[in-house]
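Data block below; observations after.
Where a number appears in this text, it was derived from the coordinates with a stated rule and is not lab data. Since this is a predicted model, take the numbers as computed values, not measurements. Glycine gets a Cβ as well: all are built from the backbone with ideal geometry, and neighbour counts include every protein chain shown.
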Amino acid sequence: MSVVDRQEWDVVVVGAGGAGLRAAIEARERGARTAVICKSLFGKAHTVMAEGGIAAAMGNVNSGDNWQVHFRDTMRGGKFLNQWRMAELHAQEAPDRVWELETWGALFDRTKDGRISQRNFGGHEYPRLAHVGDRTGLELIRTLQQKIVSLQQEDFKETGDYESRLKVYQECTVTRILKDGSRVSGAFCYERESGRFFVLEAPSVVVSTGGIGKSFKVTSNSWEYTGDGHALALLAGAPLLNMEFVQFHPTGMVWPPSVKGILVTESVRGDGGVLRNSEGKRFMFDYIPDVFKEKYAQSEEEGDRWYEDPDHNRRPPELLPRDEVARAINSEVKAGRGSPHGGVFLDVSTRMPAEVIRRRLPSMYHQFKELADVDITAEAMEVGPTCHYVMGGIAVESDSASARGVPGLFAAGEVAGGMHGSNRLGGNSLSDLLVFGRRAGLHAAQYATGLTGARPLVDDVQVDTAAAEALRPFSAEGPEPGVENGRPPENPYTLHQELQQTMNDLVGIIRREAEMEAALEKLADLRVRARRAGVEGHRQFNPGWHLALDLRNMLLVSECVARAALERTESRGGHTREDHPAMDRAWRRVNLLCQLVDPTGGLAATDPVRGQIDLVRETTEPIRPDLLALFDKEELVKYLAEEELYE
Ligand code: FAD
């Protein structure tokens, strides 16, 4: 039996992005002893990269805005597949969460009369994104970190120990959620620098590990996005919801190759930037789908007038939801009207004075200047779609953020499914993190501190199995050292590259049946090879080893995406099937749940060739009538299934 250090907490939060930190603050304030654990340095989570802003219907710039309008926009953006109760709670609670951030020290940009300024973004009817230039995520994380430090100072005054009630384990990775029967009992972890294993024992674990972008070749996501939380939940027995919905942001950098995929924020378009093809045409006017026809400008003149007079003009189609814009760019490039490096042109230089561009979009100005030697105040940017966000995720109960089927497991932030339906609106992630981060922390604390019987116990056998699994890349068991079954070990970097290429080429922005079948075959092959992923050296900071461990998660999650995408024979939001190009109203009633083939969710190895995922269809919950009443009947006819309309 391995000797592994153990520490006892009430709540363990896996992930220190916006969702994790907000959950931890809430759990600690509700009296739970709370540990936060994160792969990167404290304060370096992916949330820091968020640029455009946080969506909240505060109505500061247009008093017509309110939670009902925000709810409507979110449901439309998600093509009505959203878990509607989450969309409702999100729209109602987002303004309070933004105000709360200010009381904790955040400072958002202001309107002339001193209110929090709000900017336009795709799919939002009114200016709704509170922002700090194009560095909103940084301010959000800075503020939450500061709040955590202030809570630790309070604890020091009372207990003499800063970390008595709230401790951050940074640069540590969780590889398994541990269970006592069906209940969560803790998390198995390792320190990235030393390779030391340890266990955090707790009846509540909040998973807030972000997204899955590193399974794709071209992505805006940071290195941490290897789908760990999705996989941890699956392995613990919780289902994942609607994993086919992956958002390809329309505007990532396409040049030079070393920075391909890095995000060009949507605020460039929100502030007036326009998309043109190689013929100089503002092509988005040709791509307004029927469901949005009445809401978008039909001419450039009207679209341009909207920036000054939004009450009497309709929005330009550059501000359609992201899935629409990404598909349009893809079509232009395919039709031979792309830019020299395979994207299209995004231009602010002819739309705003240079000094305004530098003030409103400072990060974009520097990003292009430093990475591509392009001065965006003088020339257009070249942009194209990049894998950006996963709408699918851990299936949760809307109010409590508890993961289905595993008592003590909670999920919030990008790793949780349901909130955004088939497509997320820009700005709705940061608000999601705060609204559901808070809810997850609250319910995790209540669950842990309200337990009446014995706390769930950590099982030594599970700890040993988790340790052996983590050490496997160092010791391929075979007739010769370093060789399993007579075959040489596989290089984790090669496997990762092949996985990324497979997902990009075969399960990317436009999907076809035969390609997804080929992807599943390739994934099966990669899974077999990944079992022989071998690394040299020691456990002390060894990036190859870390990647070998992350591969398990990326392969699991990629299989979920490919299987669900193959099953859903329609196009909706972030899922586009070339062989089924239309949205099918009958599919609105269908959720696809991915579950591990081994239903015990135990640590038993599954047959890598068979595949590890079973798909289950589930009927969506009917939308509450008072929420449906917020839409025109004619609009509902476009989305709801026939029988729902009769009901
Ligand atoms: P993250 O902030 O990614 O945090 C995940 C945490 O989990 C990290 O601390 C990581 O270290 C940790 N972790 C992961 N795996 C493990 C593990 N196995 N063990 C321990 N810890 C682990 N959204 C908006 O609403 N507005 C925007 O303007 C916006 N701009 C964006 C710009 C860019 C460039 C990108 C890429 C995204 C943007 N988004 C935006 C999306 C938004 O930033 C993310 O969806 C959001 O930040 C996710 O937050 P999170 O708390 O769920 O996860």
**Message:** Treating only the Cα positions of the range 248-387 as identical point scatterers, give the base-10 log of I(q)/I(0) from the Debye formula at each q in 0.17, 0.19 Å⁻¹.
**Reply:** -0.90, -1.12
**Asked** Do any cysteines of the chain lack a neighbour Cys whose Cβ is under 4.7 Å away, and which are they?
**Response** Cys38, Cys172, Cys189, Cys387
**Request:** Report the calculated FRET efficiency for Gln170 and Ser63 (r = Cβ-Cβ distance, R0 = 35 Å), to the nearest 0.05.
**Result:** 0.20
**Prompt:** If R0 is 56 Å, what FRET efficiency do you get for Ser182 and Val637 from their C-beta distance, rounded to 0.05?
**Reply:** 0.85
**Request:** Take peptides 445-457, 623-635, 404-416, 321-333 and line them up by average Cβ neighbours within 10 Å, highest first, as a rough protection proxy.
**Result:** 404-416, 321-333, 445-457, 623-635
**Prompt:** Going by the alpha-carbon gyration tensor, a ≥ b ≥ c the square roots of its eigenvalues, is the range 75-181 rounded (a/c under 1.5) or, if a/c is not under 1.5, prolate (a/b greater than b/c) versus oblate?
**Reply:** oblate
**Message:** For a test of the definition: using alpha carbon positions, the gyration tensor, and the 1.5 limit on a/c, classify the range 193-255 as rounded, prolate or oblate.
**Reply:** oblate
**Prompt:** Which trypsin sites (Lys or Arg not before Pro) from the range 177-220 combine a DSSP loop assignment with at most 14 other Cβ atoms within 10 Å?
**Reply:** Arg196
**Request:** Multiply the residue separation of Arg624 and Asp311 by 0.36 nm, subtract the distance between their alpha-carbon atoms, and state the gained length in nm to one decimal.
**Result:** 109.7 nm
**Prompt:** Are there GluC sites (Glu not before Pro) in the range 195-280 that DSSP puts in a loop and that have at most 12 other Cβ atoms within 10 Å, and which ones?
**Reply:** Glu279
**Asked** How far is helix 543-567 tilted, in degrees, relative to the longest principal axis of the Cα atoms in the chain, given as a value from 0 to 90 rounded to the nearest 10?
**Response** 60
**Request:** Would you order Val13, Val435, Val616 from fewest to most other beta-carbon atoms within 10 Å of each residue's own beta-carbon?
**Result:** Val616, Val435, Val13
**Fill in**
Expressed in µm² per second, the diffusion coefficient of the range 491-626 from the Stokes-Einstein equation, with Rh the Kirkwood radius over alpha carbon pairs, at 4 °C and 1.567 mPa s, is 78
**Message:** Applying a 10 Å radius around every beta-carbon, put 384-395, 143-154 in order of their mean neighbour count, most first.
**Reply:** 384-395, 143-154
**Request:** Would you list the P(r) distribution for the range 143-215, with all Cα-Cα distances sorted into 5 Å bins from 0 and each bin expressed as a whole %?
**Result:** 3, 13, 17, 17, 21, 18, 7, 2, 1, 0
**Asked** How much space per residue, in cubic angstrom, does the convex hull of the C-alpha atoms of the range 451-566 take up?
**Response** 158
**the chain - mean residue ellipticity at 222 nm from DSSP helices (-39,500 (n - 2.57) per run, n ≥ 4, rounded to 500)** = -11000 deg cm²/dmol
**Request:** Measure nothing fancy, just the Cα-based angle from helix 18-29's long axis to the longest principal axis of the chain, in degrees from 0 to 90, nearest 10.
**Result:** 60
**Request:** Provide, for q = 0.11 Å⁻¹, the log10 of I(q)/I(0) from a solvent-free Debye sum over equal Cα point scatterers in the range 1-113.
**Result:** -0.52
**Complete:** Mean shadow area (nm²) of the C-alpha convex hull around the chain is 28.5
**Message:** Taking the Cα centroid of the range 45-81 and of the range 97-150, what is the distance between the two, rounded to the nearest whole Å?
**Reply:** 13
**Asked** Taking the convex hull of the alpha carbon atoms in the range 397-442, what volume per residue do you get, in Å³?
**Response** 65
**Request:** Give the residues of the range 539-570 whose amide nitrogen is closer than 20 Å to a point set 7 Å from the Cα of Trp223 in the direction of its Cβ.
**Result:** 539-555
**Request:** Determine the distance separating the Cα centre of the range 288-327 from the Cα centre of the range 392-439; give it in Å without decimals.
**Result:** 30
**Request:** Report the relative contact order of the range 248-387, percent, no decimals, based on alpha-carbon pairs under 8 angstrom and at least 6 residues apart.
**Result:** 36
**Item:** Cα shape, the range 123-282, gyration tensor, a/c 1.5 rule
**Value:** prolate
**Asked** For the range 204-219, in order, what is each residue's ³J(HN,Hα) by Karplus, 6.51 cos²θ - 1.76 cosθ + 1.60 with θ = phi - 60°, in whole Hz (x at glycine and Pro)?
**Response** 10, 10, 9, 8, 8, 9, x, x, 10, x, 6, 7, 10, 6, 9, 8
**Request:** Give the relative contact order (percent, whole number) for the chain; include only Cα pairs under 8 Å separated by 6+ residues.
**Result:** 20
**Request:** Report the calculated FRET efficiency for Ala468 and Glu163 (r = Cβ-Cβ distance, R0 = 35 Å), to the nearest 0.05.
**Result:** 0.70
